[in-house]
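Remarks on the structure that follows.
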Amino acid sequence: MPLRPAYSYREDPAVPDFPDDHPIIVFDGYCALCSGWANFVLRHDRRKHYRLLAAQSPLGAALYAHYGLKSSGDYDSNILVADGMGWVKSEGSIRMAEGLGFPWRLASVFRLLPLRMSDALYGLVARNRLKWFGKRDSCYLPSAEFRDRFLG
C-alpha cells in the first residue's frame, strides 16, 4: 500500500515544488549500497525513466519527512515516488526494478513472498547496510553524464 494519497506532497508546505513527470528514486547518498543502487539504475535505465535524488538534499529530506520516514538522519528505506504515490521497502524496490525493464522486471517474483516477510528481509539489509557495505565520506554526486537525471 502507498504511504499517503496520490500527490499529497503537493499540498505539503514543507515539500518544495519539484518536477514529478518521471518516477523519482530518493536514496541515502552516504550509504555505499544505496549509492551503488543509484549507479546501477543509471546504467540500466536505458529509457531514462527515473530521476534520482539524495535524501540529504533539501527536497529529499522533505519527502522523507512527508512520508514519515526520517528519524535522526537515518534513512532506512529508499522511496520511489511514481504517479504521485510514495512506495518504500520491498514494494518500492520491486517497483524500481520493474521500471528498468527486462530482465530486471523479473524481480516481481518477490511478490510471491508475503509482504511481511519481504519487508523483514528488506529491513534486515537496511539496518545493517552501513556495517556490511560501508559509508561514503561524502554524499553521492553524479558524473557529468548523469547530472540531468538528478533533482536537487
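The values are calculated or read from the model by the stated rules, or taken from the named source; none is laboratory data. Quick caveat: nothing in here was measured; it's all calculated off a predicted structure. We place every Cβ from the backbone using ideal geometry, glycine too, and count neighbours over all the protein chains shown. Ligands, DNA and RNA are excluded from the accessible area calculation, which covers all protein heavy atoms including side chains. Shrake-Rupley method; radii C 1.70, N 1.55, O 1.52, S 1.80 Å.
Cβ-Cβ below 8 Å, separation at least six or inter-chain, first residue in the range 5-27 and within 16 Å of GLY92 (Cβ to Cβ), second hydroxyl-bearing (Ser, Thr, Tyr) and exposed (fewer than 11 other Cβ atoms within 10 Å of the Cβ): which pairs? Nothing qualifies. Out of curiosity, is SER90 under 9 Å from the mean Cα position of the chain (by Cα) and closer than 21 Å to SER108 by Cβ? No: the conditions fail for SER90.
Looking at the range 117-152, which of its residues are outside any helix (DSSP H, G or I) and of a type in the set (A, V, I, L, M, F, W, C)?
CYS139, LEU141, PHE150, LEU151
Taking the stated definitions as given, is VAL15 under 12 Å from the mean Cα position of the chain (by Cα) and among the hydrophobic types (A, V, I, L, M, F, W, C)? It is false that VAL15 is under 12 Å from the mean Cα position of the chain (by Cα) and among the hydrophobic types (A, V, I, L, M, F, W, C).
For the range 101-144, filtered to residues that are among the basic types (Lys, Arg) and in contact (Cβ under 8 Å) with a residue 60 or more places away in the chain, the residue that is farthest from GLU91 (Cα to Cα) is ARG136. When the range 3-43 is filtered for residues that are open to solvent by 40 Å² or more (accessible area, probe 1.4 Å) and touching a Phe, Trp or Tyr at 6+ places or on another chain (Cβ under 7 Å), the ones remaining, listed by number, are LEU3, ARG4, HIS22, LEU33, TRP37.
Do we have TRP87 as of a type outside the set (A, V, I, L, M) and exposed (fewer than 13 other Cβ atoms within 10 Å of the Cβ) here? Judged against the criteria, TRP87 is not a match.
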